[in-house]
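Peer 1: Shown below is the structure under consideration.
The values are calculated or read from the model by the stated rules, or taken from the named source; none is laboratory data. Here the structure is a predicted model, which is why all the values come from computation and not from measurement. All Cβ positions, even for glycine, are placed from backbone atoms using ideal geometry, and neighbour counts span all protein chains on display.
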Amino acid sequence: MPIVHSFDPPERFVAGTVGEPGARTFFLQARTGPRVTSVALEKQQVAALAERVDELLDEVMATQTSGVVPAVAPLGMEDTNPLEQPIEEEFRAGTMTLSWDPDDERVVIEVFPFTEAAVVSPEQVDEDFEEPEPDEVLLVRLTPAAARSFVQRAEQVLEAGRPSCPFCGNPIDPDGHLCVRANGFRRRDPEAP
């Protein structure tokens, strides 16, 4: 039986980072009262989760007439505070699931730990593969307004990283980067000193 870190609903659920741009560690963090759960994940996972939550809310909004789902994050729900300290990583995120519970009108996010056993090689694709039972899971049930606020914050966290090269789109480090579109010439961040 896995350990379930359940927040229904959390007082706070955010994506955040620790570290400098280019060397940041991303976290999902849920809190209710003094209980805090932090899960490490990749930047791409934060981006994918925020995008899918936004799409799910748009789909629900288009099919429901009750007006439960706000089109944007409600005023006053913006969360720009840092992550709760100390940050104690419960696990590194692997698979994430997302669903809508129409009975409670909640967005349901499940985050499972990354496991090497879940990595399938191309030769194993056609085989019957059974993912092992996870040791623990983060389960968060968000109101639609809280879910929109999560998306808004996640987008701000993602944008706060290194600026993108206008030519190739890759991130520019403070000391520049070798741009493939500029035939290997070193490009610098135009705002760097």
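Peer 1: Would you please name the residue that is surrounded by the most Cβ atoms within 10 Å (Cβ to Cβ), looking only at residues in the stretch 93-112 that are out of contact with any helix residue (DSSP H, G or I) (no Cβ under 9 Å at 6 or more places or on another chain) and closer than 12 Å to PRO134 by Cβ?
Peer 2: Step by step, filter the stretch 93-112, then rank; the result is GLU110.
Peer 1: Find the strands (runs of 3 or more DSSP E) located wholly in the stretch 71-171 whose residues include 2 or more that are more than 16 Å from SER6 (Cα to Cα) and modelled with pLDDT of 90 or more, and list them.
Peer 2: On the way: elements: 89-101, 106-113, 136-142.
Correct list: 89-101.
Peer 1: Scan the stretch 33-50 for residues that are assigned to a loop (DSSP other than H, G, I, E, B) and among the small types (Gly, Ala, Ser) and jot them down. Spell out how you get there, then give the answer.
Peer 2: As a first pass, look at the stretch 33-50 and keep what is assigned to a loop (DSSP other than H, G, I, E, B): 33-34, 42.
Listed by number, the list holds a single entry, GLY33.
Peer 1: Here's a follow-up. Does LEU83 qualify as being in the same structural domain as PHE26 (by TED's automatic domain parsing) and in contact (Cβ under 8 Å) with a residue 12 or more places away in the chain?
Peer 2: Criteria met by LEU83.
Peer 1: When only residues in the stretch 172-191 that are modelled with pLDDT under 65 and either under 19 Å from THR17 (Cβ atoms) or in contact with a Gly (Cβ under 8 Å, 6 or more places away or on another chain) (or both) count, which is surrounded by the fewest Cβ atoms within 10 Å (Cβ to Cβ)? Spell out how you get there, then give the answer.
Peer 2: The first filter runs over the stretch 172-191 and keeps only residues modelled with pLDDT under 65, leaving 183-191.
Keeping just the survivors that are either under 19 Å from THR17 (Cβ atoms) or in contact with a Gly (Cβ under 8 Å, 6 or more places away or on another chain) (or both) gives 186-189.
Working: ARG186: 11, ARG187: 17, ARG188: 14, ASP189: 17.
Among those residues, the one meeting the criterion is ARG186.
Peer 1: Could you pull out the residue among PRO2, PRO9 that is over 15 Å from VAL151 (Cβ atoms), in contact with a helix residue (DSSP H, G or I) (Cβ under 7 Å, 6 or more places away or on another chain) and not aliphatic (A, V, I, L, M)?
Peer 2: Numbers: PRO2 fails: in contact with a helix residue (DSSP H, G or I) (Cβ under 7 Å, 6 or more places away or on another chain).
Just one listed residue meets the conditions, PRO9.
Peer 1: Scanning the stretch 11-32 for residues that are modelled with pLDDT under 95 and not in a strand (DSSP E or B), which turns out nearest to the chain's Cα centre (by Cα)?
Peer 2: Per the stated criteria, the residue is ARG24.
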